[in-house]
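Please treat every number below as a calculation from the coordinates, not as lab data. If you're wondering where the values come from, they're calculated on a predicted model, not measured in any experiment. Cβ placement follows ideal geometry from the backbone for every residue including glycine, while neighbour counts extend to all protein chains displayed.
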Amino acid sequence: MLKAQSVLVTGSNRGIGLEVIRQLAGNSSHPEWIFATCRDPEASHAQELKNLAAKHRGVKIIQLDVMDPSSIQTAAAKVTEHLQGTGLNLLINNAGIVRPSTVESETPENMSEVYKNNTIGPMMVSQAFLPLLRKASQESPQKGMSCSKAAIVNVSSASGSITEVLGWNVGHIINYRCSKAALNVLTRCQGLGLAEDKILCVALHPGWVQTDMGNAEVGASRD
């Protein structure tokens, strides 16, 4: 059972991120602080998230664009202010994008944009919130590593697995696969680099989920 007092989720205005926020807020032993971040909290597609925050006092919506370093730093400062001297237990790097492509049609522009969002973004966000994660780890009485103590969870995909190349016959999405393969390696490096800090670092494959991006990956449409 998750016993984290504070959780931050990127890309929480829809899809998997929104559902994570909903599940956390609806849990009887919900975290005291649930930071729901997204690129544009005032956009129409963030309305469901705003409705959720209105029902749950612990849900705090914070603007954070994973491709904008200044936005990330501003968000980190706001979270630090909310936490009032305590650390951040769990960071979930969920924000991601995909551009339909094949080996022949892939472009440098798409590759660069998707890689920056799906790989460099989680790296920058993790770096910005590392002081709060370290603080949570240092102050926790728990032994070992866990998501309740201090953790970075990178939402990845088996489509970026070199051995599996999951779903190739459904959608090639070269840019997405390469970005997730790189994210998997980044996660491994984070795990090794933060081992002494007792910060758990894992890459999570949620499986195919019927979301706007999930449908874009396979070229499907929602009913």
Cα gyration tensor shape for the chain, rounded if a/c is under 1.5, else prolate or oblate: prolate
Centroid-to-centroid separation of region 172-191 and region 74-111 [C-alpha atoms, Å]: 13
Most fluctuating residue given options Val165, Val59, Val202, as computed from a GNM of the chain linking Cα atoms under 10 Å: Val165
Simple spin-label estimate for Lys116 and Lys60 in nanometres, 7 Å along Cα-Cβ: 2.9
Which of Phe129, Phe35 has the fewest Cβ neighbours within 10 Å, and the rest in rising order: Phe129, Phe35
Estimated dipole of region 1-140 in Debye, rounded to 20 [Cβ of Lys and Arg +1, of Asp and Glu -1, Cα centre]: 600
Cα-projected label distance for His45 with Arg188, points at 7 Å along beta-carbon direction, nm: 3.2
Sites Lys143 and Glu81 - FRET efficiency at Förster radius 35 Å, r taken between beta-carbons, to 0.05: 0.70
Mean ellipticity per residue at 222 nm, deg cm²/dmol - from DSSP H runs of n ≥ 4 across the chain, formula -39500 (n - 2.57): -13000 deg cm²/dmol
Highest-MSF residue in the chain out of Leu183, Leu133, Leu52 [GNM, Cα springs under 10 Å]: Leu52
Likely footprinting exposure, Tyr176, Tyr115, fewest C-beta neighbours within 10 Å first: Tyr115, Tyr176
Point-to-point label distance, Ser28-Val103, nm (Cα→Cβ direction, 7 Å offset): 5.4
Cleavage-rule hits, trypsin sites (Lys or Arg not before Pro), region 137-194, DSSP coil, Cβ neighbours within 10 Å at most 12: Lys143
The chain: DSSP helices with Cα axial extent of at least 18 Å and average Kyte-Doolittle hydropathy no lower than 0.0: 121-139, 174-193
Three-way shape call for region 32-146 based on the alpha-carbon gyration tensor, with the a/c threshold at 1.5: oblate
Filter on Lys50/Lys149; Lys55/Lys143; Lys3/Lys135; Lys116/Lys198 - keep pairs with C-alpha separation over 25 Å: Lys50/Lys149; Lys55/Lys143; Lys116/Lys198
Cα-centred dipole magnitude for region 1-65, charges only on beta-carbon of K, R (+1) and D, E (-1), debye, nearest 20: 200
Sorted by Cβ neighbour density within 10 Å, fewest at the top, the residues Cys38, Cys147: Cys147, Cys38
Cα shape, region 1-86, gyration tensor, a/c 1.5 rule: oblate
